[in-house]
Amino acid sequence: MKHNGPFAVAFLLVFAIFMLAPIVVVIGVAFTPTGFLEFPPSGLSLRWFRAILDNPDFMHAAWVSLKLALVAATVATAFAVPAALAIGRGSFRGREVVQSLLMSPLMIPTVVLGIAFLRFLTVMGLNGTFFGLMLCHTVIVTPFILRLVLASVVGLDKSAERAAISMGASDWTVFRRITLPTILPGVVGGWVLAFITSFDELTVTVFITNPSTTTLPVRLFSYIAQTTDPLVASVSTVAILFTVVLMVVVDRLYGLDRLLIGEGKR
Amino acid sequence: MAFLELDRLTKRFGMITAVDTLSFSVDRGSFVSLLGPSGCGKTTTLQMIAGFEDVTSGRIMLNGRNLSAVPARERGLGIVFQTYALFLHMTVAENVAFGLEMRKIDKPERARRVKAALELVHLSHLADRYPRAMSGGQRQRVALARALVIEPELLLLDEPLSNLDAKLREEMQLELRRIQREAGVTTLLVTHDQSEAMALSDRVVVMEKGRLQQEADPFEVYDRPKTSFVSGFLGKSNSLRAEMGRDGRLRCAERVLTGPAAGLMPGAVEIALRPERIEVVDAASGIVSGCVTEKVFLGNQWLLRVATPLGDMIVLRRNAGRNEAGIGDTVGLTWNPEHLRILPAEGAA
């Protein structure tokens, strides 16, 4: 194997520090026993984690975020899988248009999206509702799922499906027994990525929440605007931990690098 | 009556006619090859029989029923695909059991038949493996077992051996024939490999550009080709341009050649002569003489290219343990006139 030169090693080191330092600081601050942001912490205390449980606003926001991410990722998956199958294998007119349309939330600046969603939801009378929020998040996370599922659809062997048909399988059986298991790594990977994206989303969500549907990122954002105590750090630490656990589970099941690099075949 | 019968089967894709009024039939229990170069329409024909392509016009009859109205899933055919099309997330046994499951066959009976099918292809010891961890030849056998376990009326093989290396391919050819005979299933093989078609089949159907060229047993297709395409596609052949005179004489490069009666109209014809039917003799005593321009040693044979007044001819000589004429030598070539095949000139048919 080729070894990296000292320059490359130094570069990677600096890069890793740059990426990880903020996380380390946040986690460190979360364990402080004092009432202000302090790093390195002067002692170790779970005081600020207990404070989360005592703060109904944060608990409610976390619950909203969790529900929202679950529903949005699942609904978006239900749309993206058939769409990916059609786009990946079909040769119908307007195939590229459909694909660009579904991918467009990635290309439009999120602030623009936020304003557009705000107007739309107000016109529809859905502003501030959980349903409206769910609709918008579904749109935002769809491209992530579509990308991953498309990558696995491309590796799909059409003749395997034909073989199943020739043996008497119905369309639904073919999908359930042959197609879906083959693209499952892409579907699960896409779902997880969508879940995390929705769970983290701030820029668009800020425009379309009201106090009863405030999500965790929005709650954190507005909390920081008013006060700066270590509560934000402990909440962030829990969110980071949650994301990491999710990633590890997916990695164990399907191999994260394979999913994200987009190799369709297992 | 024929078991499988194609009647003026035609398939058009827009302006292109992929299969053009193709008719042939397959007897019950026989092994028939559909042979032709890539793009000749043989795979499209197979797809139509399988039900994956619509028929533009014509009929496909299987055991007295018209397949046109029957959807692919109800045709009950066993199909082995070029890529094997195994279900990679299922074990070998699960792959083989899939068709039985679809037929709602109960578990004990299913297990019994899966076992029998795997025994037939000599894979019983790998029943719990996943296809990913298997060699090409083994996957091939799984695909065969999976297609045969449902006891299909007709087994369709789409270039099943083309992904195997040469040695394995020869082995699998023998295996395929044994399995087909043991299962007694009527089989249609699609292939571009003429030696495979000849080695395996009871009958060969040669196709080119969507049209039937010849349908006969392998010996006849090789020995009595009907068209210059068939002659050139199956094995090596010398093809000489000639002229059939009004007097019934055959003229090639201003020489009169003796040949078998052809029953062709006077005009341009083509003479086909197999290189292994040509004898090398003294320059003086041959029908033609020429200079050896190329000499290739093939192990069991020598291949000579000889420039003659009739045109370049290739000659195959059995390796009889001695050296042959060398490059630059002048030799005579002779043959039994019975072995000349007079065919309609290319393009005139």
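Scanning the stretch A:77-90 for residues that are buried (at least 16 other Cβ atoms within 10 Å of the Cβ), among the small types (Gly, Ala, Ser) and over 18 Å from A:Met134 (Cα atoms) returns A:Ala83, A:Ala84, A:Gly88. With respect to the stated conditions, B:Gly41 fails to be more than 17 Å from the chain's Cα centre (by Cα), under 30 Å from B:Ser228 (Cα atoms) and away from chain A (no Cβ under 11 Å).
Within the stretch A:91-107, restricting attention to residues that are surrounded by 11 or more Cβ atoms within 10 Å (Cβ to Cβ) and of a type outside the set (Ser, Thr, Tyr), the residue that is nearest to A:Lys158 (Cα to Cα) is A:Arg95.
Of the residues screened, B:Glu243 is not one that is out of contact with any helix residue (DSSP H, G or I) (no Cβ under 9 Å at 6 or more places or on another chain), under 30 Å from B:Lys167 (Cβ atoms), open to solvent by 60 Å² or more (accessible area, probe 1.4 Å) and of a type outside the set (Ser, Thr, Tyr). Annotation note: of A:Ala163, A:Ala169, the sole residue that is in contact with a helix residue (DSSP H, G or I) (Cβ under 6 Å, 6 or more places away or on another chain) and within 14 Å of chain B (Cβ to nearest Cβ) is A:Ala169. Taken across the stretch B:262-274, residues that are at pLDDT 85 or above, assigned to a helix (DSSP H, G or I) and open to solvent by 10 Å² or more (accessible area, probe 1.4 Å) do not occur at all.
Here B:Arg59 meets each of (1) closer than 28 Å to B:Lys209 by Cα; (2) in a helix (DSSP H, G or I) with one exception, condition (2). Looking at B:Arg139, B:Arg129, B:Arg112, just one residue is on the phi < 0 side of the Ramachandran plot, within 14 Å of another protein chain (Cβ to nearest Cβ) and basic (Lys, Arg), and that residue is B:Arg139.
Taking the stated definitions as given, is A:Leu53 free of Cβ contacts under 8 Å to residues at least 24 places away in the same chain, open to solvent by 40 Å² or more (accessible area, probe 1.4 Å), part of a loop (DSSP other than H, G, I, E, B) and among the hydrophobic types (A, V, I, L, M, F, W, C)? Don't jump to the end; show me each part of the working.
Values: free of Cβ contacts under 8 Å to residues at least 24 places away in the same chain: yes; open to solvent by 40 Å² or more (accessible area, probe 1.4 Å): yes; part of a loop (DSSP other than H, G, I, E, B): no; among the hydrophobic types (A, V, I, L, M, F, W, C): yes.
No, not satisfied.
Does the stretch A:185-200 include one or more residues that are open to solvent by 10 Å² or more (accessible area, probe 1.4 Å), within 14 Å of chain B (Cβ to nearest Cβ) and in a helix (DSSP H, G or I)? Checked against the condition, which is being open to solvent by 10 Å² or more (accessible area, probe 1.4 Å), within 14 Å of chain B (Cβ to nearest Cβ) and in a helix (DSSP H, G or I), the stretch A:185-200 yields at least one hit.
Of all the criteria given as (1) within 30 Å of B:Glu101 (Cβ to Cβ); (2) within 14 Å of chain A (Cβ to nearest Cβ); (3) without any contact (Cβ under 8 Å) to a residue 24 or more places away in the chain, the one not satisfied by B:Gly14 is (1). For beta carbons closer than 8 Å, sequence separation of 6+ or different chains, a first residue in the stretch B:77-105 that is free of Cβ contacts under 8 Å to residues at least 12 places away in the same chain and more than 8 Å from every other protein chain (Cβ to nearest Cβ) and a second that is of a type outside the set (D, E, K, R) and open to solvent by less than 10 Å² (accessible area, probe 1.4 Å), the qualifying pairs are B:Glu94/B:Phe87. Residues being part of a loop (DSSP other than H, G, I, E, B) and buried (at least 21 other Cβ atoms within 10 Å of the Cβ): count how many of those fall in the stretch A:161-177. Summing the residues that are part of a loop (DSSP other than H, G, I, E, B) and buried (at least 21 other Cβ atoms within 10 Å of the Cβ) in the stretch A:161-177 gives 2.
If only residues of the stretch B:106-123 that are buried (at least 18 other Cβ atoms within 10 Å of the Cβ) and in a loop (DSSP other than H, G, I, E, B) are counted, the one that is farthest from the chain's Cα centre (by Cα) is B:Leu123.
Please verify whether the stretch A:112-127 includes one or more residues that are under 16 Å from the mean Cα position of the chain (by Cα) and surrounded by fewer than 20 Cβ atoms within 10 Å (Cβ to Cβ).
The answer is no, given that none of the residues of the stretch A:112-127 is under 16 Å from the mean Cα position of the chain (by Cα) and surrounded by fewer than 20 Cβ atoms within 10 Å (Cβ to Cβ).
The requirement of being more than 10 Å from every other protein chain (Cβ to nearest Cβ), open to solvent by less than 30 Å² (accessible area, probe 1.4 Å), under 24 Å from A:Ser104 (Cα atoms) and in a helix (DSSP H, G or I) is fulfilled somewhere in the stretch A:152-160, by at least one residue.
The values are calculated or read from the model by the stated rules, or taken from the named source; none is laboratory data. Here the structure is a predicted model, which means the values were calculated and not measured. Ideal geometry is used to build each Cβ from the backbone, glycine not excepted, and the neighbour counts take in all protein chains shown. Ligands, DNA and RNA are excluded from the accessible area calculation, which covers all protein heavy atoms including side chains. Shrake-Rupley method; radii C 1.70, N 1.55, O 1.52, S 1.80 Å.
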